[in-house]
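Values in this text are rule-based calculations from the coordinates and carry no lab data. Keep in mind it's a predicted model, so treat the numbers as computed, not measured. Glycine gets a Cβ as well: all are built from the backbone with ideal geometry, and neighbour counts include every protein chain shown.
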Amino acid sequence: MNWLEISIHTSNEAVEAIANILHESGASGVVIEDPAELTKERENRFGEIVELNPADFPEEGVIIKAYLPVNSFIGETVASLKQEITDLVNFGIDIGKNNVTTTEVKEEDWATAWKQYYHPVKISDRFTIVPTWENYKRITSEELIIELDPGMAFGTGTHPTTVMCIQALERTVREDDTVVDVGTGSGVLSIASALVGAHKVIALDLDEVAVESAKENVQINQVNHIVDVRQGDLLHGIKGKADVVVANILADVIVGFTDDAATVVKQGGYFITSGIIQQKKFEVKDALESAGFEIVETLVMEDWIAFIARRL
């Protein structure tokens, strides 16, 4: 299948209305290129945005992009879109330049086009995540490199929730530790655990595709002798004790298995939890403390929370 990229150069005022028109026409999402992103201040020096190219943004106004499947009536769809956008002026909305362009994209090109936005990212004092297709040389001998291919969108390792987990693992994992990574996804947290000295890592995910993606990334990083990737539902079936359990998943899921984590984590060991929105902070904190954990550190990045909790 081929896809039609529709690009609309408009104003900030019209963004929401045009995005709604695109959604109603069948676009599952939109890309907004706003030059304000170039000067936006970031709260943390680590994060998923490394460097933005001014050439990718308009000098004024905003560009909205969406993708629609090319079919027999795509011409009529585009004509209708243009008319609906033009008609927004009747509602007192400034539509700016209202320059609409279209480009046909082959699916095989689209499937790999996102890679141009994914480059090496330094996410902590020690770790840098490097996509497998990039050439990268260590800046210092102490720098730890994770080569990653996110595969079927299981994460590039640079989302704030993942970054905080890796920073927490750096602080808690000791040589010869056993680590359990719940909801491993691309395997990035398991790989990080192995690189900071864990003796054994069990990586768990319920999704079969995620398991295969994690196995490939573990192999790429040459830690397959340390990391055991398995299909599993949370901590069900895990026998023995772990020095560290890490879970970068939804807050509601974390709350539901804190008691199980308490049975797996050794006394004095750590339970690292992330993926927690501000509104769920105290709910997760209460669940951890009720299960016998002590919060020793709270990490905050953008709108996300992570806890480092010690088993009492």
* Using alpha-carbon coordinates, inclination of helix 15-24 to the longest axis of the chain, degrees -> 90 degrees
* Asked: Which of the GluC sites (Glu not before Pro) found in segment 118-197 are in a DSSP loop and have at most 14 neighbouring Cβ atoms, other than their own, within 10 Å?
  -> E134, E142, E143, E175
* Structure fact -> Under 5 Å from the placed amide H of L4, counting only residues 5+ away or on other chains, we find L68, V70, V105
* Whichever aspartates and glutamates have a C-alpha closer than 17 Å to that of K200, once near sequence neighbours (fewer than 8 apart) are set aside -> E170, E175, D176, D177, D181, D228, D243
* Structure fact -> To the nearest 10 degrees, the tilt of helix 160-172 (Cα long axis) against the first principal axis of the alpha carbons of the chain is 20 degrees
* **Eligible aspartates and glutamates near K106 by straight Cα distance, threshold 20 Å, same-chain separation 8 or greater** => E5
* What FRET efficiency comes out for the pair V105/Q231, r = Cβ-Cβ distance, R0 = 30 Å, nearest 0.05? -> 0.30
* Hey, can you grab everything whose amide H is under 5 Å from the amide H of I202? Only 5+ residues off in sequence or another chain; H modelled, so Pro and N-termini drop out. => V179, V180, D181, D228
* **Residue-wise HN-Hα coupling along segment 2-10, computed from phi with Karplus coefficients 6.51, -1.76, 1.60 (Hz; x: Gly, Pro)** => 9, 10, 10, 7, 9, 10, 10, 8, 9
* Asked: Comparing D34, D87, D228, which has the greatest mean-square fluctuation in the GNM of the chain with Cα pairs linked when under 10 Å apart?
  -> D87
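Are there any trypsin sites (Lys or Arg not before Pro) in segment 162-207 that are in a DSSP loop and have at most 13 other Cβ atoms within 10 Å? List them by number. The partial results should precede the final answer.
Values: sites: R171, R174, K200; in loops: R174.
The qualifying sites are R174.
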* **Theoretical ellipticity at 222 nm over the chain - DSSP helices of four or more residues, -39500 (n - 2.57) apiece, nearest 500** => -8000 deg cm²/dmol
* Pop a pseudo-label 7 angstrom from the Cα along the beta-carbon direction at both S25 and V296 and give the gap in nm to one decimal. => 5.5 nm
* Quick one: go through segment 74-104 and flag any residue whose amide nitrogen is under 11 Å from the point 7 Å out along the Cα-to-Cβ line of S7. => 100-104
* Structure fact -> HN-Hα couplings for segment 120-132 via Karplus (6.51, -1.76, 1.60; θ = phi - 60°), in whole Hz with x for Gly/Pro, come out as x, 10, 7, 9, 7, 5, 10, 9, 10, 9, 10, x, 4
* Asked: Which of I63, I93, I295 moves most in a GNM of the chain, Cα contacts under 10 Å?
  -> I93
* Asked: Restricting the count to DSSP beta bridges whose residues both fall in the chain, what percent are antiparallel, rounded to a multiple of 5?
  -> 60 percent
* Structure fact -> Note on segment 219-312, DSSP bridge orientation, antiparallel percent to nearest 5 equals 70 percent
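Taking only C-alpha pairs under 8 Å that are 6+ residues apart, what is the relative contact order of the chain in percent?
Values: 611 pairs, mean separation 43.1, N = 312.
Relative contact order for the chain comes out at 14 percent.
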* **Two-site label geometry, E143 and E84: point separation in nm, points 7 Å out along Cα→Cβ** => 4.7 nm
* segment 177-312, relative contact order in percent, only Cα pairs under 8 angstrom and at least six apart counted -> 21 percent
* For segment 270-286, in order, what is each residue's ³J(HN,Hα) by Karplus, 6.51 cos²θ - 1.76 cosθ + 1.60 with θ = phi - 60°, in whole Hz (x at glycine and Pro)? -> 10, 10, 9, 10, 8, x, 9, 7, 3, 5, 9, 3, 6, 5, 5, 4, 4
